[in-house]
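Just below is one structure, and these are the notes that go with it.
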Amino acid sequence: MASLTHDRSFDPRHGEAVEVAPGVVRITAANPSPMTFHGTNTYLVGDDTVAVIDPGPALPAHVDAVVAAIAGRPVSHILVTHTHGDHSLAVPALQQATGAPTVGEGPHRAARPLRAGETNPLDAAADTAFVPDIVLGHGGEIVAGGRRVEVVATPGHTANHVAFALPDEKLLFSGDHVMVWATSIVAPPDGAMADYMDSLDVLLGRGDVRYLPGHGGAVEEPEAYVTALKGHRLRREEAILRALADGPRTIPEMVRQIYVALDPALHKAAGLSLLAHLEDLVARGSVATDPVLAFEATYRLAA
């Protein structure tokens, strides 16, 4: 099983329109963070008419850079891969500037209902105001920016996450589902690991030759990379089962045991990823929890 290698060699060139494919430019927002790498990528697709994919965060300088790159051309659509604010909060400003309709899978929602007493740790990241003008699900198609665009449902990171493919070019805008700088966070209840793994299988069956993600550089050999990404997640699952073989564990204990070299500042995010794996393992009957399935619970191998 191929190991997963991340590529962090990326020059964001904040605010510049960088051509990344014929008729496609990238503008990276200056919103770097441990979760966004060097910033969120906004893409313009088209020549005489353009479509915008992921307008980005509500930073006036970024909106101005996107409008400058549009350069007065008609904007057919504003497409949104998912409703974390760093991808969609610039929609109102960009829609006011262009008048273009928005396209997405639907409003923000959790992958499952909240349990009693549970809070969503990613609530602050959610853009709950976004409602797409045009709702398109898996397999839906639209002509945007003069190109045929296909919607590929990729839930997992969020329940409403989609990728947008240019099938004639075998190019896919993968949002936060697949990136080369890091693995995507899958954090319940916003996301679900079972959905994420199923979505990787959907991508493996497509035959796209290049991905342009929401953060960082392009995925140049996507089939090999997604195969390695799936293997990485399966190895993480195996590490959880090995940790539990030594006895019951809490999530913080498993984080310290499994993520030995991880920056402590990222332990909470790693714990949310483990929770996503544990929810899947409990649903499949491999792991049990006491008293209830939650971040604070104790987990053990099922009898």
Could you derive backbone 3J(HN,Hα) for the range 110-126 from the dihedral phi with the Karplus parameters 6.51, -1.76 and 1.60 (θ = phi - 60°), listing whole Hz in sequence and x where the residue is Gly or Pro?
7, 6, 8, x, 5, 7, 4, x, 8, 10, 8, x, 9, 3, 5, 8, 7
Of the peptides 141-148, 62-69, 123-130, how do they stack up when ordered by the mean number of other Cβ atoms within 10 Å, highest first?
62-69, 141-148, 123-130
If I fit a long axis through the Cα atoms of helix 193-204 and take the longest principal axis of the Cα atoms of the chain, what angle between them do I get, 0 to 90°, rounded to 10?
50 degrees
Sorted peptide list for 256-268, 21-33, 163-175, criterion being average Cβ within 10 angstrom, highest first:
163-175, 21-33, 256-268
Calculate the FRET efficiency for R242 and M35 from the Cβ-Cβ distance with a Förster distance of 25 Å, rounded to the nearest 0.05.
0.35
Centre separation in Å (Cα based) which lies between the range 1-75 and the range 158-216
17 Å
Helix 60-70: inclination vs the chain longest Cα principal axis, degrees, rounded to 10, gives 50 degrees
With θ set to phi - 60° and the Karplus curve 6.51 cos²θ - 1.76 cosθ + 1.60, what are the ³J(HN,Hα) couplings of the range 44-56 in order, to the nearest whole Hz, using x for Gly and Pro?
10, 10, x, 10, 5, 10, 10, 10, 10, 10, 6, x, x
Quick one: L114, L212, fewest Cβ neighbours within 10 Å first, how do they rank?
L114, L212
In order through the range 91-104: 3J(HN,Hα) via Karplus (6.51 cos²θ - 1.76 cosθ + 1.60), integer Hz, x for Gly, Pro
4, x, 5, 6, 5, 5, 6, 10, x, 7, x, 9, 10, x
Checking E223, E105, E253 against a Gaussian network model of the chain (alpha-carbon springs below 10 Å), the top fluctuating residue turns out to be E253
How much length, in nm to one decimal, is gained on full extension between L266 and D47, taken as 0.36 nm per residue of separation minus their Cα-Cα distance?
74.8 nm
Can you give the convex hull volume per residue for the Cα atoms of the chain, as a whole number of Å³?
124 Å³
Report, for the chain, the % of DSSP beta bridges that are antiparallel, rounded to 5.
75 percent
For H87, H38, what's the fewest-to-most ordering of other Cβ within 10 Å of each Cβ?
H38, H87
Taking 0.36 nm per residue of separation between T128 and A228 and subtracting their Cα-Cα distance, the length gained on full extension comes to 32.7 nm
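No lab work stands behind these numbers, since they all come straight from the coordinates. Just so we're clear, the structure is a prediction, and the values are computed from it rather than from any experiment. Because the Cβ atoms are built from the backbone with ideal geometry, glycine has one as well, and the counts that use them run over all protein chains shown.
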